[in-house]
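Scroll down for the structure; my scribbles are underneath it.
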Amino acid sequence: MDHAEPVLVTAETLAELRRIVGERNVLDDPAELAVYECDAYTLEKRPPGAVVLPGNTEEVAAVVRVCAGAGLPIIPRGAGTSLSGTVLAVTGGVMIGLARLNRIESVDVLNRRALVQAGVVNAWITREAAPHGLMYAPDPSSQPACTIGGNVGTNSGGPHTLKYGVTTNHILGFEMVLPDGEIVWLGSGVEEGDDVDGIDLRGAVIGSEGMFGIVTRVLVRLVRAPQEFKTLLGVFESVDDASLAVGDIIAAGIVPGALEMMDQMITGAVEAAYHFGFPLDAGALLIVELDGLSAGLPEQTDRVIEICRARGAREIRVAKTEQERADLWKSRKRAFGAIGRLSPGYLTQDGVVPRSKLPEIMRFIQETSCRFDLRICNVFHAGDGNIHPLILFDERKPDEVRRAIAAGDAILGRCVELGGSVTGEHGIGVEKVDFMARQFSVETLDVMRALRAVFDPAGRCNPHKMFPGGKRCAEFAQRKQIAA
């Protein structure tokens, strides 16, 4: 990003947009635009020139054609729960909000699929499919708010993707409006089988963070809901012990539906907020959820308990009722919301390391906390090594902001050094652009850029995201320049 003047949306263009979607569905008042100046990555804020709220695919396409004619950047936006500045309007332009595209059009029980609009909330799909014994597996922590279009954009994960896979494993096809306004369908059609003939452009678009076009309808795969769950809470003296138990469980040939960990600091905040009954003196809590056919689950449960005890678990609780299980998951999935009890602000990171490196990265995070004099708590998807350190700071104190960004950079850099990645599910956005050059070769990045140019030759669709060498804010770069 830079200090260039934002691209202005003229009165004539605003009038055209209003003719397409209606007066009330075009926002250009500064007070209204402030709502759209950032996503959940609040350290960077840029208001768009206008926000348009189309009601169907045809309106999206018409809006995109107007923007193409005016040479305006277009920024797709779902619920705004993304955590890396993915929907930041870096140089203004027109933000296309998909909140009104919120219908589940059909549920095909026989073929286990559902056709949904991009603004449908993730949790609504499983709610609709549940009476048929089906579910939509990817379950981000923001599941009650995030939308399926945004999930496609960042290839979202969640606790249960350890066993079931991330978004790309559950998307059969989708409708997309290209940056010139053309409407295309990629992947399996609604009336077709699950296979994709020819080049799988569906897979190429998933995770592209809205830079290839605007997804408007999605054909999702549904899976049969497990017959039974066994949900355990292991209480450990240290994160190291709990991390070793994670590796042992997988090494034993057991693949739980979820393996989640919380350290002592985040446990205290969650307990104060939700009163589940977590032990506040534990160094780490490990949530293990086994699921599947009832036959065999008791044996797996016994084996997991044995492994946890061998790694020093002082207590193991098994959820006795569905309500107890639901309360446990509510506490875990709302952990980020409890951070307000610890700090006025926090920066959430999203690194990945091999499972065997979990003890090492956890020790590094503790060292980083001391090094930058900032508290860092941890709640993460331990089963697949997807860490989420939450760096606590006060945005009103510039020095704390600088230290928080530097601490996050140090942690992500260490993830790469350990053979991991700088993102597992949150995307690159504007936050992690610099790391792309550290994780990928010049040649690989050039191929990525070339693929993007096939869909968006002018680079107008969600510009200034993901790729290094683009325009960056000088003050943002300066915040990262802090002595080790």
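Derivation of every value follows stated rules applied to the coordinates shown; laboratory data play no part. All figures in this text were calculated on a predicted structure; none of them were measured in a lab. As a convention, Cβ positions derive from the backbone with ideal geometry for all residues, glycine included, and neighbour counts pool all protein chains shown.
Each label point was placed 7 Å from the Cα along the Cα-to-Cβ direction; for N56 and S106 their separation is 1.6 nm. Note on I199 and D399: with the Förster distance fixed at 35 Å, the Cβ-Cβ geometry gives a FRET efficiency of about 0.10. Calculated mean residue ellipticity at 222 nm for the chain: -10000 deg cm²/dmol, from DSSP H runs with n ≥ 4 weighted as -39500 (n - 2.57), summed, divided by the residue count and rounded to 500.
Simple point charges give the picture: +1 on the Cβ of Lys and Arg, -1 on the Cβ of Asp and Glu, and for the chain a dipole about the Cα centre of about 540 debye.
In sequence order, region 457-469 has phi-based couplings of x, 7, x, 8, 8, 6, x, 6, 10, 6, 8, x, x Hz under the Karplus curve 6.51 cos²θ - 1.76 cosθ + 1.60, θ = phi - 60°, and Gly or Pro positions carry x. Placing pseudo-labels 7 Å out from each Cα toward the beta carbon at R314 and T444 gives an inter-label distance of 4.3 nm. Label-to-label distance for D327 and V416 is 4.5 nm, based on points extended 7 Å past Cα in the beta-carbon direction.
Can you pick out the pairs among K45/K163; K163/K357; K357/K432; K330/K397; K320/K357; K45/K357 whose Cα atoms lie more than 30 Å from each other?
Values: K45/K163 36 Å; K163/K357 20 Å; K357/K432 22 Å; K330/K397 32 Å; K320/K357 33 Å; K45/K357 35 Å.
Where the Cα-Cα span goes over 30 Å, the pairs concerned are K45/K163; K330/K397; K320/K357; K45/K357.
Using the Kyte-Doolittle scale, find the helices of the chain whose mean hydropathy is at least -1.0 and whose Cα atoms extend 24 Å or more along the helix's long axis, counting only whole DSSP H runs.
What comes out of the filter, once short or polar helices are dropped, is 398-417.
For region 343-480, the percent of C-alpha pairs falling in each 10 Å distance bin, counted from 0 to the bin holding the largest distance, reads 11, 39, 33, 15, 2. When each of the peptides 280-288, 149-157 is scored by the mean number of other C-beta atoms lying within 10 Å of its residues, the order from highest to lowest reads 149-157, 280-288. When the Cα positions of I361, H388, A406 are compared along the charge dipole of region 360-407, A406 comes out farthest toward the positive end, with charges on each C-beta of Lys, Arg, Asp and Glu.
Would you calculate the convex hull of the Cα atoms in region 11-97 and tell me its volume per residue in Å³?
It is 85 Å³ per residue.
Annotation: amide H of R375 within the under-5 Å range of L392, sequence separation 5 or more or interchain, hydrogens built in the peptide plane. Taking amide H atoms as placed 1.01 Å from N in the peptide plane, the amide H of G429 lies under 5 Å from those of M466, each 5 or more residues away in sequence or on another chain. Along the Cα-to-C-beta direction of A34, a point sits 7 Å from the Cα; which residues of region 95-132 have their amide N less than 20 Å from that point? Only 95 pass the distance filter.
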